[in-house]
1. Which strands (runs of 3 or more DSSP E) does segment 69-161 wholly contain that include 2 or more residues that are under 20 Å from Leu37 (Cβ atoms) and of a type in the set (Asp, Glu)?
2. Inside segment 15-48, can you point out the residues that are closer than 23 Å to Phe95 by Cα, in contact with a strand residue (DSSP E or B) (Cβ under 9 Å, 6 or more places away or on another chain) and open to solvent by 20 Å² or more (accessible area, probe 1.4 Å)?
3. In segment 127-144, is there at least one residue being at positive phi and open to solvent by less than 30 Å² (accessible area, probe 1.4 Å)?
4. Does Thr57 meet the test of being over 15 Å from the mean Cα position of the chain (by Cα), open to solvent by 60 Å² or more (accessible area, probe 1.4 Å), within 18 Å of Met124 (Cα to Cα) and among the polar types (S, T, N, Q)?
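The values are calculated or read from the model by the stated rules, or taken from the named source; none is laboratory data. Being a predicted model, the structure only gives us computed values, none of them experimental. Note: ideal-geometry Cβ built from the backbone for every residue, glycine included; neighbour counts use all protein chains shown. All accessible areas refer to the heavy atoms of the entire protein, side chains included, with ligands and DNA or RNA removed. Shrake-Rupley method; radii C 1.70, N 1.55, O 1.52, S 1.80 Å.
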Amino acid sequence: MTVTSVDKDVDNLTLTLVADFTAPVEQVWRLWADPRLLERWWGPPAYPATFEEHDLTPGGEVRYYMTSPEGEKYGGWWRITSVTPPTSLEFTDGFSDQDGKPNPEMPTTTVRMTLAERDGGTRMELRSVFDSREQMDRLAEMGMVEGLKAAVGQMDDVLAG
């Protein structure tokens, strides 16, 4: 399993996932930078993602949806705040309505992804920051922790392919 730790810090309102890969930093970066590769791992295994927009520049937007086994579509979006290829990406992550527009009734998180060389491979740290304890609890109840672990757990297969 790629995921080496998950730390839910309720005092600081953060969820930090750490994963280690045998692949070099540039190769792991491509899993974020190439929307077709991102589709192969973003989201839990039973909910494949389709990326319709993928602009990894500051101010750029990423829009996608995940499809359930029953065919239901669940939309999401990122607003890119910072990008430093191939080592970091920061974005606001949120949910979309049925028309693909940001859903203001759903929580958003601030995400920072970093990649660093470690032992000839790559360590990825994915830190989500929540606005409130209620928001953190709501997303946890929706399965965010399990879904994130399952999604990142697919990255090794994509890197091997």
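1. Output list reads 88-96.
2. Ala33, Asp34, Pro35, Arg36, Glu39, Arg40, Trp42, Pro44, Tyr47, Pro48, listed by residue number.
3. The answer is yes, given that some residue of segment 127-144 is at positive phi and open to solvent by less than 30 Å² (accessible area, probe 1.4 Å).
4. Against the criterion (over 15 Å from the mean Cα position of the chain (by Cα), open to solvent by 60 Å² or more (accessible area, probe 1.4 Å), within 18 Å of Met124 (Cα to Cα) and among the polar types (S, T, N, Q)), Thr57 does not qualify.
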